[in-house]
1. Select from segment 297-319 the residues that are in contact (Cβ under 8 Å) with a residue 60 or more places away in the chain, farther than 18 Å from Val50 by Cα and in a loop (DSSP other than H, G, I, E, B) and list them in ascending order.
2. Can you pull out every residue in segment 12-49 that is closer than 17 Å to Pro390 by Cβ, open to solvent by less than 10 Å² (accessible area, probe 1.4 Å) and either among the small types (Gly, Ala, Ser) or within 6 Å of the ligand (Cβ to nearest atom) (or both)?
3. Among the residues of segment 350-364 satisfying the criterion of being over 10 Å from the mean Cα position of the chain (by Cα) and under 20 Å from Ile278 (Cα atoms), which is nearest to the ligand (Cβ to nearest atom)?
4. Just a yes or no: is a residue in segment 55-70 free of Cβ contacts under 8 Å to residues at least 60 places away in the same chain, among the small types (Gly, Ala, Ser), away from the ligand (no atom under 16 Å from the Cβ) and not in a helix (DSSP H, G or I)?
5. I'd like to know if segment 186-199 contains one or more residues that are more than 15 Å from the ligand (Cβ to nearest atom) and of a type in the set (D, E, K, R).
6. If I filter segment 254-277 down to residues being part of a loop (DSSP other than H, G, I, E, B), under 19 Å from Ile91 (Cβ atoms) and within 13 Å of the ligand (Cβ to nearest atom), which single residue comes out as farthest from the chain's Cα centre (by Cα)?
7. In segment 221-240, what residues are away from the ligand (no atom under 14 Å from the Cβ), touching a residue at least 12 places away in the same chain (Cβ under 8 Å) and assigned to a loop (DSSP other than H, G, I, E, B)?
Amino acid sequence: MSGSRRVVIIGGGVIGRCAAYSLLQRGHSVVVLDRGAEGGCSFGNAGMVVPSHLIPLAAPGVIGKGLRWMFDAESPFRIKPRLSVELLSWIWKFARAATPARVGKAVPVLRDLSLESRRLFVEMAGAEDFDFGLVQKGLLMLCKSAEVLHEEAELAATANANGVPAEVLDAGSVRKLDPAIEMEVMGGVYFPQDCHLSPRRFLEGLDRTIRRGGGEILDDVEVAGIEGKGRRVARAIAADGRAFEGDEFVLAGGSWSPSLARGLAVNIPMQAGKGYSITVENPAALPGLCSILCEAKIAVTPMSGALRFAGTMEIAGLDGSVSARRVMGMRKAVPRYFPQFEPSDLEGQEVWSGLRPCSPDGLPYIGRFRAYDNLTAATGHAMLGLSLGPVTGALVADLLSGDKPRIDLTALSPDRYA
Ligand SMILES: Cc1cc2nc3c(=O)[nH]c(=O)nc-3n(C[C@H](O)[C@H](O)[C@H](O)COP(=O)(O)OP(=O)(O)OC[C@H]3O[C@@H](n4cnc5c(N)ncnc54)[C@H](O)[C@@H]3O)c2cc1C
């Protein structure tokens with residue numbers, strides 16, 4: 001298949017916009033449908049580009065931690081007990097994926113996706129009028145306890161063995177790497193290839209570039225259904241009755257992708273993983289590097305002079321409400337690592353919440369659905385949607401242009417649970 005196609009992209013978060021960006025570059029025409037992208041997961045996230053994150057969420061020990069923390073209202077990871085067939089089936093699939101053998105297979109897939117995406121970020125940052133504050137200084141994993149430092153050192157060894165450089169550091173070396181902020185830590189791991197950026201500036205830059213290139217982004221379209229006819233998707237229907245037809249359709253609805261695809265012959269198990277962020281405009285100290293406070297599972301990112309703290313993972317359904325107790329857990333944890341901060345420094349700002357689209361095996365769904373000739377999945381990126389945005393867009397463009405995908409998509413098949 002070749003030639004220019006009219007592509008309807010459902011969902012205008014980072015994944016939908018990256019798909020539109022790459023498709024336009026390859027000569028296709030695009031329309032992105034969203035009911036208001038700021039309601040998704042892409043604007044308030046931690047803005048990290050993380051080749052360091054080689055291990056999928058579904059890893060040995062994670063379920064145990066989720067169960068242990070189930071009744072701790074301030075814990076960073078939790079599965080909210082609910083009677084839901086979808087949730088029980090997702091947990092079962094998650095547990096089956098969380099084995100050393102399955103994780104071992106996922107690592108090179110995530111590595112290849114991350115490194116190609118990082119390369120594309122650097123390329124995009126060089127484009128005219130597309131400054132999104134990309135900082136290529138690396139990421140620090142900060143540890144307070146010997147036990148967690150040991151766990152992180154093991155992950156560093158896995159990263160090094162897979163071609164992603166990582167360096168285990170004592171407390172003094174950590175402080176030397178980022179003298180702009182005081183730290184009370186036992187040590188850490190440094191991943192020099194990781195980067196950070198401003199997600200809002202990235203999304204706004206994509207928006208400008210897409211519109212300038214002749215693409216449409218409609219942010220007042222509540223998609224009520226996607227109509228299939230035989231082996232083809234015919235149209236997306238909006239709640240107000242508008243119909244959007246195209247040669248190709250891309251499903252990029254984040255955590256809402258399964259409900260958007262209801263009625264089609266597809267099955268993409270997904271649970272929303274809620275997280276929060278708090279952005280402090282005039283922080284007590286501004287680090288030069290982004291970091292992760294390992295025990296507390298909080299990501300810390302300098303962003304255009306402000307400092308963003310992001311964390312928690314709560315599997316609690318399609319519910320964006322903010323839990324004051326869990327936010328309190330974040331506020332209390334930060335000063336334990338950064339003594340220049342008080343819990344009150346993280347009070348008074350609006351708390352942003354976002355729903356990460358989590359597949360059970362921690363790998364995204366990218367590829368054409370078997371049941372349709374013109375429907376492609378680009379969803380399920382969990383904690384890595386920003387990092388993997390550019391490569392996902394490029395892969396969608398490879399597929400829809402009839403080219404061999406630049407990365408083998410077998411493990412990412414949207415039919416792996418069909
Ligand atoms: C606290 C936190 C920190 C994070 N930090 C990072 C990070 O540092 N690095 C990283 O790589 N990732 C990070 N992530 C994950 C990342 O934010 C997500 O993986 C990513 O935003 C998912 O993008 P998406 O486009 O798939 O989904 P979304 O951004 O949710 O987009 C889906 C879109 O679909 C639209 N939509 C849904 N239903 C409909 C409908 N019926 N009609 C029309 N439109 C509809 C929504 O409005 C939304 O705009 C973080 C997430 C959280 C919560």
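1. Within segment 297-319, Ser304, Ala316, Gly317, Leu318 qualify.
2. Gly12, Val14, Gly16, Ala19, Ala20, Gly47
3. Of all residues in segment 350-364, those over 10 Å from the mean Cα position of the chain (by Cα) come to 350-354, 359-363.
Going one step further and asking which of them are under 20 Å from Ile278 (Cα atoms), we end up with 350-354.
Values: Glu350: 14, Val351: 10, Trp352: 8, Ser353: 7, Gly354: 4 Å.
Residue satisfying both the conditions and the ranking: Gly354.
4. There is at least one residue in segment 55-70 that is free of Cβ contacts under 8 Å to residues at least 60 places away in the same chain, among the small types (Gly, Ala, Ser), away from the ligand (no atom under 16 Å from the Cβ) and not in a helix (DSSP H, G or I).
5. Checked against the condition, which is being more than 15 Å from the ligand (Cβ to nearest atom) and of a type in the set (D, E, K, R), segment 186-199 yields no hits at all.
6. Top of the filtered list is Ile268.
7. Result: Arg231, single match.
Results for (1) under 20 Å from the mean Cα position of the chain (by Cα); (2) among the hydrophobic types (A, V, I, L, M, F, W, C); (3) exposed (fewer than 14 other Cβ atoms within 10 Å of the Cβ), shown as yes or no for each residue.
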residue: Leu67; (1), (2), (3): no, yes, yes
residue: Ser75; (1), (2), (3): no, no, no
residue: Trp92; (1), (2), (3): no, yes, yes
residue: Ala101; (1), (2), (3): no, yes, yes
residue: Arg111; (1), (2), (3): yes, no, no
residue: Ser117; (1), (2), (3): yes, no, no
residue: Phe130; (1), (2), (3): no, yes, no
residue: Gly138; (1), (2), (3): yes, no, no
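The values are calculated or read from the model by the stated rules, or taken from the named source; none is laboratory data. What you see is a predicted model, and the numbers here were worked out from it, not measured in a lab. Reconstructed Cβ throughout: ideal geometry from the backbone, glycine too, with neighbour counts over all protein chains shown. Protein only, heavy atoms only, side chains kept; ligands, DNA and RNA dropped before computing areas. Shrake-Rupley method; radii C 1.70, N 1.55, O 1.52, S 1.80 Å.
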